[in-house]
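What follows is one structure encoded as C-alpha cells, with my remarks underneath.
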Amino acid sequence: MTLIDQLRSSVAGPVLGPDDADFSTEVAAWNTATVHTPEVAVGLTSEEDAAALVRVAAAAGTPVRVLASGHGSAVPVTDGILATTSRLTGVTIDPATRIAHINAGSRWAEVIEAAAEHGLAPVAGASDNVGCIGYTLGGGLGPLSRTYGFSSDWARGFRVVTASGEVVTASATENPDLFWALRGGKGGFGIVTSLDFELVELSTLYGGSVFFDAPQIADALATWVDWTHTLPETATSSVAILRLPPLEFIPEPLRGKTVLSARFAFVGDPAEGERLFQPIRDVGPTIIDAVAEMPAAAIATIHNDPRDPGPGWDRGGLLTDLDAGFVEAFLSAAGPDQQVPFIAIELRHLGGATQRDVPEGSAVGGRSGAYTYFMAGVPDPSLFETVLPPAADALLTPLQPWVSSETTINYAGGLKVPGSYEASWPKETFARLAEVRATYDPNTLFPYGPA
Ligand SMILES: Cc1cc2nc3c(=O)[nH]c(=O)nc-3n(C[C@H](O)[C@H](O)[C@H](O)COP(=O)(O)OP(=O)(O)OC[C@H]3O[C@@H](n4cnc5c(N)ncnc54)[C@H](O)[C@@H]3O)c2cc1C
C-alpha cells in the first residue's frame, strides 16, 4: 500500500496528495510567500487522527510537520507529511480554575471571546489571529508581557502525540521534562492536540496607541526610551516606525505617511494609566490618539496587526538596555529621513515578569532581553531573497552595541538567519532541549530547526 492509501485507511480527515484539487488550499499558509509542497497533507479532525497519522508515519519512516495558521511559515515544507490543525478548533473555559482548554487549531481571537464572558483574558500576543499552540510553544510576547510574562508561563498542560504514537499529557506532574520543553522549546516534540492555559482576571485596560507624524518621530523615540526606564511592570509599551502605503485600507490621516506609533497597555486604575502615559502625550501633536480605557477583549487593536494573509518577510531579536546613543544610531539608520525597505520597524519594552522564570522552570529563551526589535519588509516577494536581508544587516550594523546575543524563537526571523536558531535559547537550555527531543523523538520523526 502507498503511504497515501495507508493514511486514508487510518485517518478520518482528508488525506491529500499534490494532484488532489484541494491540496494547495489545505497547505496554504498565512504567509503566502511560503508555498508548502509536502508529499501528503493530512487534515486532522481529532486526537485519534493525529495518533493514527503518527503511527503510519513512524512505520514508514516519513517525517511529520504541523501547520496551524501559517503565521510562522517562513521556510517551505518540501517532503513528508504536513498535518494541518485548522479543523481542530474549540475552546472551553472553567471559570472556577480559570483554565481554558484550547484545541490545536484555535487562534487567540476564539479564546479572547470565550474568556471575556467570564471577565477573564488570556495572556496572548499582539495579533489575535495567530494560532495559540504555535505561538505558545515559542514562548510568546504580547502587549501585556511586562505584567504577566511570556505566554508560555501560563501554559498548565499539553496533550501531545509523541513519536511512539502515544497520546501523553505534559504538565507539572506528568512528563515534566516534556512540559518544560514545550514551554518555549517550540518544535520537534510531537503533535500537540490541545493546551490547558490559565487565564487572568482582566476585563478592562488603559491602553491603545497614538500616532506621531514624521517631524515628531525623533522626540517621541527619545522620550519613549527614557520613559520606559520609569515605568512600573503593570505597564507594557512599544513603538514602531511605520512607512504606510498610500492605499485605501490605511485610515486616511495615516495614508502614505511615515509615522511613529506608540502603544501602551496598563493593568490597574485608568486614572493612573493616564497619568503614566502623559509624558508621551507631552511630546506634541498626534495624528491619532486612541489611548483610553478599553475592554481587554479589544487587545488586538493596540497593535492593529494585519489580519489578511499576504507575503511576509521579517527579522527580529532582542536588545539590551537602551540609551540616548541607541536613539541616535537608530534614527540615523531607520529614521523618517532614511530610505529603508521596511514597512514596520518595532521596539517593544520587556522586563518585569518577562525576566522571571516560572517556579518549576521552562525552556523559553529571551528572559535576559530588555527590549525586542522587529523589522517587517515591504511585502514584495521579489525583494525577500535579494534586497531585504542586506538592508536588514545594514540597519542592524550600527545597533550592534545594543543587540543581545540571545533571542527568542518567535522573533528569530523564521530560522532564515544563520545562527538565529541556536541563539534562541541559552546554551544549557539548547542542550537540554536536544536531550528531551532525543527521549521523545529518537528517530527525528518531527524534524525541527534549520535543515
Ligand atoms: C502578524 C503576526 C503577528 C505576530 N505577533 C507576535 C507576537 O505579538 N508575539 C510573539 O511572540 N509572536 C508573534 N508572532 C510570531 C508567531 O507567534 C509565530 O509565527 C508562531 O509560530 C505562529 O504560530 P501559528 O501556529 O499561528 O503558525 P504556524 O506557522 O502554523 O505554526 C508555526 C509552528 O508552530 C508549530 N506548531 C503549530 N501548531 C502545532 C501543533 N499543534 N503541534 C506541534 N507544533 C505545532 C510548528 O513548529 C509550526 O511550524 C507574530 C507573527 C505574525 C505573522
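Restricting to Cα atoms and excluding each atom paired with itself, what does the Kirkwood estimate give for the range 3-84 in Å? Every distinct Cα pair counted, the radius reaches 12.5 Å.
Each part gets one Cα centre, and for the range 24-44 versus the range 230-272 those centres are 33 Å apart.
Expressed as an acute angle from 0 to 90° and rounded to the nearest 10, what is the orientation of the C-alpha long axis of helix 324-334 relative to the principal long axis of the chain? Approximately 70 degrees, to the nearest ten.
Give, to the nearest whole percent, the P(r) tail of the range 91-201 beyond 23 angstrom, counting all Cα pairs. Pairs farther apart than 23 Å: 20 percent.
Over all other residues within a Cβ to Cβ distance under 14 Å of Q338, the charged ones net out to -1, with Lys and Arg as +1 and Asp and Glu as -1.
Take every pair of alpha-carbon atoms less than 8 Å apart whose residues are at least six positions apart; their mean separation over the length of the chain yields a relative contact order of 17 percent. Residues whose amide H lies under 5 Å from that of R107, counting only those 5 or more places away or on a different chain, are C132; hydrogens are built 1.01 Å from N in the peptide plane. The amide H of G157, built 1.01 Å from its N in the peptide plane, has D196 as neighbours under 5 Å, considering only residues 5 or more places off or on other chains. Based on the Cα coordinates of the range 317-451, what is the per residue volume of their convex hull in Å³? Taking the convex hull of the Cα positions in the range 317-451, it is 124 Å³ per residue.
Each label point was placed 7 Å from the Cα along the Cα-to-Cβ direction; for H118 and Q400 their separation is 5.1 nm. When the Cα convex hull of the range 379-439 is projected onto planes of every orientation, the mean area is 5.4 nm².
Here each label is just a point 7 Å from Cα along the line to Cβ, and for A214 and E293 those points are 3.9 nm apart. Give the Debye-formula value of log10 I(q)/I(0) at each listed q (0.15 Å⁻¹), with one equal scatterer per alpha carbon of the range 131-287, two decimals each. Results for the range 131-287 at q = 0.15 Å⁻¹ read -0.87. When each of the peptides 92-105, 72-85, 150-163 is scored by how many other beta carbons lie within 10 Å of its residues on average, the order from highest to lowest is 150-163, 72-85, 92-105. Note on R255/D282: beta-carbon distance plugged into 1/(1 + (r/R0)^6) with R0 of 45 Å gives a FRET efficiency of 0.95. Within the shell defined by Cβ-Cβ distances under 15 Å, the residues around E385 carry a net charge of -1, with Lys and Arg each +1 and Asp and Glu each -1. Peptides 242-250, 60-68 ranked from most to least packed, by the mean per-residue count of other Cβ atoms within 10 Å: 60-68, 242-250.
3J(HN,Hα) along the range 175-183, derived from phi through the Karplus expression 6.51 cos²θ - 1.76 cosθ + 1.60 where θ = phi - 60°, amounts to 6, x, 5, 5, 4, 4, 5, 6, 8 Hz, with x in place of Gly and Pro. Here the simple spin-label model places points 7 Å from the Cα toward Cβ, and for D393 and T45 these points are separated by 5.0 nm.
Ratio of Rg to Rh for the range 305-373, alpha carbon only, Kirkwood? Looking at the range 305-373, the ratio lands at 1.06. As a ratio to 2.2 N^0.38 Å, the alpha-carbon radius of gyration for the chain is 0.97. Taking only alpha carbon atoms, the range 1-151 gives an Rg to Rh ratio of 1.02, where Rh is the Kirkwood radius. Using the alpha-carbon positions of the range 204-424, Rg (one decimal) and Dmax (whole number) come out as 17.1, 50 Å.
Using only the alpha-carbon atoms, how far is helix 217-228 inclined from the longest principal axis of the chain? Give it as 0 to 90 degrees, nearest 10. Value to nearest ten degrees: 70.
Readers should treat all values here as calculations from the given coordinates under stated rules, not as data from a laboratory. Quick caveat, the model's predicted, so the values are computed rather than measured. Because the Cβ atoms are built from the backbone with ideal geometry, glycine has one as well, and the counts that use them run over all protein chains shown.
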